[in-house]
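The values are calculated or read from the model by the stated rules, or taken from the named source; none is laboratory data. Everything numeric in this text was worked out from a predicted model, so none of it was measured. Heads up, the Cβs are rebuilt from the backbone with ideal geometry, glycines too, and the neighbour counts pull from every protein chain shown.
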Amino acid sequence: MSVIREYNVVNGYKIMCERYNSAAEVVNDAKTRKITNSRFVNMAVNLGGQRSHWCGVKNYEEALKLLSEGYQPVVEKLKAEIKANVQGNAKRVSFRNDIVGYAPVVPLAIMGVPNAMMNSYMKTIKAKVVDVYYDGTFRNGVESDDILKTGAKLLSVIISLEQQGYRFNLYQVQGYADGEDCDMLVVKIKDAAQPLDLKRVSFPMTHTAFFRVIGFDWYSKTPHGKFRSAYGRALVNEGRVKGKIDEIAKTMFGENAVYILGERLRQEGSRAEEYLKERFTKCKNGIKA
């Protein structure tokens, strides 16, 4: 069941936010809700031709299948990265001579050296929980492949940091904004207490269709939303809130929130991984999006 709340954020700007605990709940609501304005496109029946390439799927049913089964190319790529990271964690274990241990160093024991035992030590990792809100709203001209690659970069860094002791509450965000206000969808994808389920997170966090099919379907039916020409713009592009995204995120989601703009991440290119690690490891420094 979703929770709808309206926020007055900065400079009198208003955001209607509907939050869900899972992507499946978004789809379930879409099945029973009606389109609120005839100018919206019915995503369940109007996919095909060039639109299918732009949306990343041939039809609505394919999007639902990917949501259920995961987007396999991303799943396989990230599985390989997890395996590599696990192997790399062997570096956390170190060995040194000690007065106690699991095996004697015979030459040292014969010589009567106190540190005559071989002992192993595991480097302690302090857990840190970060609430990540990934804004997967992209401009009309952004190619589907670029959206996929951008989301995959984010998941790749999260995998790496979880191996280092970080824990993530992960949310996917979409904003449909104009100069006065914004309708926002927030979906919880992963809980910090749970291990990363690639099958579950791959589609909503990386695939174009979660934005341009599932998201558009939600936008056309959310009860307190309104139609905007061209479905509005990303929140970050609105002048009244520009440069205030981190402030807005903390107002809406709490002090522990780190808001990641997909469009900004895409523009970082080869520096994307470095940019994300800066955002996550220095999340209390108020870095502007």
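Quick look at the values:
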{"read-out": "Pair list, Cβ under 9 Å, 6 or more apart: segment 17-46 residue under 15 Å from Val173 (Cα atoms) and modelled with pLDDT under 95, other residue acidic (Asp, Glu) and loosely packed, with under 14 Cβ neighbours inside 10 Å", "value": "none"}
{"read-out": "Residues of segment 155-177 satisfying the condition of being at pLDDT 95 or above and surrounded by fewer than 21 Cβ atoms within 10 Å (Cβ to Cβ)", "value": "Asn169"}
{"read-out": "Any hit, segment 22-31, residues being of a type outside the set (A, V, I, L, M, F, W, C), within 17 Å of Tyr231 (Cβ to Cβ) and more than 22 Å from the chain's Cα centre (by Cα)", "value": "no"}
{"read-out": "Count of residues meeting criterion [of a type outside the set (A, V, I, L, M, F, W, C), part of a helix (DSSP H, G or I) and modelled with pLDDT of 90 or more] in segment 228-239", "value": "2"}
{"read-out": "Total residues in segment 1-17, condition of a type in the set (Phe, Trp, Tyr) and either part of a strand (DSSP E or B) or touching a His at 6+ places or on another chain (Cβ under 8 Å) (or both)", "value": "1"}
{"read-out": "Residue in segment 209-239 that is nearest to Leu67 (Cα to Cα), counting only those that are β-branched (Val, Ile, Thr) and surrounded by fewer than 24 Cβ atoms within 10 Å (Cβ to Cβ)", "value": "Thr222"}
{"read-out": "Flag if Asn140 is surrounded by fewer than 10 Cβ atoms within 10 Å (Cβ to Cβ) and at pLDDT below 95", "value": "yes"}
{"read-out": "Matching residues, segment 33-61, being in a helix (DSSP H, G or I) and under 27 Å from the mean Cα position of the chain (by Cα)", "value": "Arg51, Ser52, His53, Trp54, Cys55, Tyr60, Glu61"}
{"read-out": "Where a residue in segment 165-181 is under 16 Å from Val10 (Cα atoms) and touching a residue at least 40 places away in the same chain (Cβ under 8 Å) and its partner, wherever it lies, is surrounded by fewer than 23 Cβ atoms within 10 Å (Cβ to Cβ) and aromatic (Phe, Trp, Tyr), with Cβ under 7 Å and at least six apart", "value": "Asp181/Tyr13"}
{"read-out": "Gly225 vs. criteria within 29 Å of Arg51 (Cβ to Cβ), small (Gly, Ala, Ser) and out of contact with any helix residue (DSSP H, G or I) (no Cβ under 7 Å at 6 or more places or on another chain)", "value": "no"}
{"read-out": "Boolean, Arg200 is in contact with a Phe, Trp or Tyr (Cβ under 8 Å, 6 or more places away or on another chain) and either surrounded by 14 or more Cβ atoms within 10 Å (Cβ to Cβ) or touching a residue at least 60 places away in the same chain (Cβ under 8 Å) (or both)", "value": "no"}
{"read-out": "Leading residue by the ranking (surrounded by the most Cβ atoms within 10 Å (Cβ to Cβ)) among those in segment 245-277 that are of a type outside the set (Lys, Arg) and free of Cβ contacts under 8 Å to residues at least 40 places away in the same chain", "value": "Tyr275"}
{"read-out": "Filter result for Lys242 (loosely packed, with under 15 Cβ neighbours inside 10 Å, among the charged types (D, E, K, R) and over 18 Å from the mean Cα position of the chain (by Cα))", "value": "yes"}
{"read-out": "Any hit, segment 234-243, residues being of a type in the set (Val, Ile, Thr), touching a strand residue (DSSP E or B) at 6+ places or on another chain (Cβ under 9 Å), touching a residue at least 12 places away in the same chain (Cβ under 8 Å) and within 25 Å of Trp54 (Cβ to Cβ)", "value": "yes"}
{"read-out": "Test for Ala192: is it surrounded by fewer than 19 Cβ atoms within 10 Å (Cβ to Cβ), of a type in the set (A, V, I, L, M, F, W, C) and in contact (Cβ under 8 Å) with a residue 40 or more places away in the chain", "value": "yes"}
{"read-out": "Cβ pairs under 8 Å, 6+ apart, first in segment 67-80 and within 13 Å of Ser156 (Cα to Cα), second among the β-branched types (Val, Ile, Thr)", "value": "Val74/Thr206; Leu78/Ile159"}
